Amino acid sequence: MQRAELADFLRHRREAVRPAEVGISDGPRRRTAGLRREEVAMLAGMSVDYVVRLEQGRSSQPSTQLLGALARALRLSDDERDHLFHLAGHQPLPAEGVARLARAGLIRMLDLLGDTPALVLSDLGEVLAQNRAAILLTGDQSGFSGDRRYLVYRWFTDPAARAVSSPEEREYRSRQVVADLRAVAGRRSGDPTVTGLVERLQAASDDFRRLWAEHEVAVRRADRKTILHPRVGRLVMDCETLVTPDQGQQLLVLTPADDEARERLELLRVLGVEEFPVGATGTPEQ
């Protein structure tokens, strides 16, 4: 671990990020160039004291998970992220690990979308990042571990995940997520992450096993879905998916499909996240 170099790198990258890039108001009293330490701590989900110790070169060695959070908070490019790992005494993440870090360009797009709910997902449906509007709409989807971090796994194994979709849409949604997973399995043929997930889903869900056997394949791009939100009720949302060139990550943008959904989304912004259970709305699959 190169403490002095790591500290200097983090300070410079923090000062290079404009507050507006991460959705923070740049008020007239701001004297700090770039982000404040407490803002980095908030964005990365860690204590201000630890950020201070990192920048002063007196911290313990950060974990790879913490480094990933810092990379997202500081909007680091892929090369900058790898450099951060080297300075901290870790090897950059292998392909599977990198796929679980939202790309810097997609993170910036989340910020620019503002009050429009948007999420960054891996090709297997793991939520890598959300903006505040998406958290209000779908709950915080970032805290899952194991197979539960995959939307398709929760959809077929957790009744709460299906409860947020209207009953008449659930069979259609089931077919969609299975057809999408089939497309991923074709692109990543022989990948043990994908084959293992499919095997565990087949063992866990008769419904998944039935649909998987039908060999339907479809990559989702645009759709309309109904979300049954526990606080504001029914919202009909249009879903648009933008996919990276390597198809490893996607940006999912949800916009209200009618005036009623627009009004209820606005009500959600007013209500905020107070007393809103984490992950309460299950999944944001299209």
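The values are calculated or read from the model by the stated rules, or taken from the named source; none is laboratory data. Quick caveat, the model's predicted, so the values are computed rather than measured. Every residue, glycine as well, gets a Cβ built from its backbone with ideal geometry; the counts of neighbours run over all protein chains shown.
Of Leu119, Leu87, all but one fail to be in contact with a Leu (Cβ under 6 Å, 6 or more places away or on another chain) and under 23 Å from Ala218 (Cβ atoms); the exception is Leu119. When the residues of region 189-216 are filtered to those that are touching a residue at least 40 places away in the same chain (Cβ under 8 Å) and in a loop (DSSP other than H, G, I, E, B), the one that is surrounded by the fewest Cβ atoms within 10 Å (Cβ to Cβ) is Glu216.
Among the candidates Val278, Val219, Val253, which residue alone is farther than 18 Å from Ser165 by Cα and either modelled with pLDDT under 90 or under 17 Å from the mean Cα position of the chain (by Cα) (or both)? Being farther than 18 Å from Ser165 by Cα and either modelled with pLDDT under 90 or under 17 Å from the mean Cα position of the chain (by Cα) (or both) holds for just one of Val278, Val219, Val253, which is Val219. Counted as qualifying within region 79-183 are the helices (runs of 4 or more DSSP H) with 3 or more residues that are touching a residue at least 60 places away in the same chain (Cβ under 8 Å), namely 104-113, 132-138, 151-157, 159-163. Of the helices (runs of 4 or more DSSP H) lying entirely inside region 1-65, the ones with 1 or more residues being among the β-branched types (Val, Ile, Thr) are found at 37-44, 48-55.
Any residue in region 51-62 that is on the phi < 0 side of the Ramachandran plot sitting within a Cβ distance under 7 Å of a residue that is surrounded by fewer than 14 Cβ atoms within 10 Å (Cβ to Cβ) and part of a loop (DSSP other than H, G, I, E, B)? List the pairs, counting only those 6 or more apart or interchain. Cβ pairs passing all conditions: Gln61/Gly89. Please tell me if Arg220 is in a loop (DSSP other than H, G, I, E, B) and over 20 Å from Gly186 (Cβ atoms). No: the conditions fail for Arg220.
Taken over region 161-182, the criterion of being over 25 Å from Gln249 (Cα atoms) and small (Gly, Ala, Ser) is satisfied by Ala163, Ser166.
Do the conditions hold for Asp123, that is, is it in contact with a strand residue (DSSP E or B) (Cβ under 9 Å, 6 or more places away or on another chain), farther than 22 Å from Val232 by Cβ and either modelled with pLDDT of 90 or more or of a type in the set (D, E, K, R) (or both)? For Asp123, the condition - in contact with a strand residue (DSSP E or B) (Cβ under 9 Å, 6 or more places away or on another chain), farther than 22 Å from Val232 by Cβ and either modelled with pLDDT of 90 or more or of a type in the set (D, E, K, R) (or both) - is met.
There is no residue in region 164-173 that is under 20 Å from Ser122 (Cβ atoms), out of contact with any His (no Cβ under 6 Å at 6 or more places or on another chain), at pLDDT below 90 and surrounded by fewer than 18 Cβ atoms within 10 Å (Cβ to Cβ). Scoring Ala179 on the criteria (1) crowded, with 18+ Cβ neighbours inside 10 Å; (2) among the small types (Gly, Ala, Ser); (3) closer than 30 Å to Val22 by Cβ leaves a single failure, condition (3).
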